[in-house]
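Participant: Sharing a structure here in structure tokens format.
The values are calculated or read from the model by the stated rules, or taken from the named source; none is laboratory data. These figures come from a predicted structure and were not determined experimentally. With ideal geometry, Cβ positions are generated from the backbone for all residues, glycine too; neighbour counts draw on all protein chains shown.
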Amino acid sequence: MRVFVTGATGFIGSAVVKDLIAAGHQVSGLSRSKEKGAALAATGAEVIDGSLEDLDGVKRAAAKSDGVIHLAFNHDFSKFVANCEDDRRVVAALGSVLEGSDRPLIVTSGTLIAHNASGGPATEEDAALGSEAHPRAASEEAAATVAANGVNVSVVRLPQVHDTARQGLITYAIAIAVEKGLCPYVGDGQNRWPSSHVLDTARLYRLALEKAERGAKYHAVAEEGVSFRDIVEVLGKRLKLPVRSIGPDEAKAHFGWLAPFAGLDAPASSAQTRQRLQWQPKERGLLADLEELQGF
């Protein structure tokens, strides 16, 4: 299969590209820099010079593909709402050239936007919060819109994706801890974050693409919930910084835009995903990767 990957040079995207190529697929990917383009070409992928701002170029690349995996997202959280709306437009553009075909489109979302009314771990069947409540839901709303137009679209919801270099939102928490000389948790710190190793996550994207199940939602979750206190205690040890509890007011001052997440209890299940895709995570867990954190 010829697969077009947006975000092909990113943390998760580069792992997805390698997994696809190892499985025998042909891959093309966007790159907006020569350096990253060279790294992408070295994997055996075709490099498409450009960016998501060029929607016509994105549509041309998608039109030449047998399937699309959309991973790219602007993680500048100072303009998070605008970035989420930009993603809505990209999904619409990709969908516009896949309408009326069986060619799959995989859209990326997050487990944090899945709403479980019972208070248990979020499941694949749980509807997403609306974008008015959580801007990142714009991606799933866009997926639903293109699905109604006949696009074979499915959604992968991501938890904290990690290796020894990057760990989703935890990467930002690490930078703040280093800057302020403290690794805090909120309250008793027993709120939980789901996680998955980047290599397990990459394999899930490939399996979702190959299955091409219309309307499916998948959770790339290897660990349902790692307590935030356990996370920061490992970070404190690794970074040689003090660890202590702080209250909600202190959390806002310490974490800034990350504060609402720092105290959020958001476990997520992947039971349905594992059954439907025969996906079994096999890489090491989040805390083990944090123990081997690079760069400090």
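Participant: Any idea which residue in the range 14-37 is nearest to Asn74 (Cα to Cα), counting only those that are in a helix (DSSP H, G or I) and at pLDDT below 95?
Facilitator: Of everything passing the filter in the range 14-37, Lys36 is nearest to Asn74 (Cα to Cα).
Participant: Given the criterion free of Cβ contacts under 8 Å to residues at least 12 places away in the same chain and surrounded by fewer than 19 Cβ atoms within 10 Å (Cβ to Cβ), identify the matching residue among Asp76, Asp86.
Facilitator: Asp76
Participant: Residue check: is Leu258 under 23 Å from Ile113 (Cα atoms), out of contact with any Gly (no Cβ under 8 Å at 6 or more places or on another chain) and assigned to a loop (DSSP other than H, G, I, E, B)?
Facilitator: no
Participant: Sticking with this one: I want to confirm something. Restricting to the range 15-33 and keeping residues that are farther than 22 Å from Ala63 by Cβ, of a type outside the set (D, E, K, R) and in contact (Cβ under 8 Å) with a residue 60 or more places away in the chain, which single residue is surrounded by the most Cβ atoms within 10 Å (Cβ to Cβ)?
Facilitator: In this case the residue turns out to be Ala15.
Participant: Could you give every pair whose Cβ atoms fall below 7 Å, whose first residue belongs to the range 241-252 and is in the same structural domain as Asp188 (by TED's automatic domain parsing) and over 16 Å from Asn191 (Cβ atoms), and whose second residue is of a type outside the set (Ser, Thr, Tyr) and part of a loop (DSSP other than H, G, I, E, B), counting only separations of at least 6 or pairs across chains?
Facilitator: As it stands, the answer is Leu241/Gly181; Leu241/Leu182; Pro242/Leu182, since those pairs meet every condition given.
Participant: Can you find, within the range 1-13, the residue that is farthest from Leu158 (Cα to Cα) among those that are outside any loop (DSSP other than H, G, I, E, B) and β-branched (Val, Ile, Thr)?
Facilitator: Filtering the range 1-13 for residues that are outside any loop (DSSP other than H, G, I, E, B) and β-branched (Val, Ile, Thr), the one farthest from Leu158 (Cα to Cα) comes out as Val3.
Participant: Out of all the residues in the range 264-296, which are acidic (Asp, Glu), assigned to a loop (DSSP other than H, G, I, E, B) and closer than 21 Å to Tyr185 by Cα?
Facilitator: Asp265, Glu292
Participant: Let me ask something else about it. Being within 21 Å of Phe11 (Cα to Cα) and either in a helix (DSSP H, G or I) or modelled with pLDDT of 95 or more (or both) is the filter here, so list the residues in the range 73-87 that pass it.
Facilitator: Residues satisfying the conditions are Phe77, Ser78, Lys79, Phe80, Asn83, Cys84, Asp86, Asp87.
Participant: Please enumerate the residues belonging to the range 207-225 that are crowded, with 24+ Cβ neighbours inside 10 Å and touching a Leu at 6+ places or on another chain (Cβ under 7 Å).
Facilitator: Of everything in the range 207-225, those that are crowded, with 24+ Cβ neighbours inside 10 Å and touching a Leu at 6+ places or on another chain (Cβ under 7 Å) turn out to be Ala208, Tyr218, Ala220.
Participant: Here is a list: Arg136, Arg103. Which entry is of a type in the set (Lys, Arg) and touching a helix residue (DSSP H, G or I) at 6+ places or on another chain (Cβ under 8 Å)?
Facilitator: Arg136
Participant: Being within 26 Å of Gln167 (Cα to Cα), in the same structural domain as Ile21 (by TED's automatic domain parsing) and not in a strand (DSSP E or B) narrows it down to one of Val90, Val58, so name that one.
Facilitator: Only one candidate qualifies: Val90.
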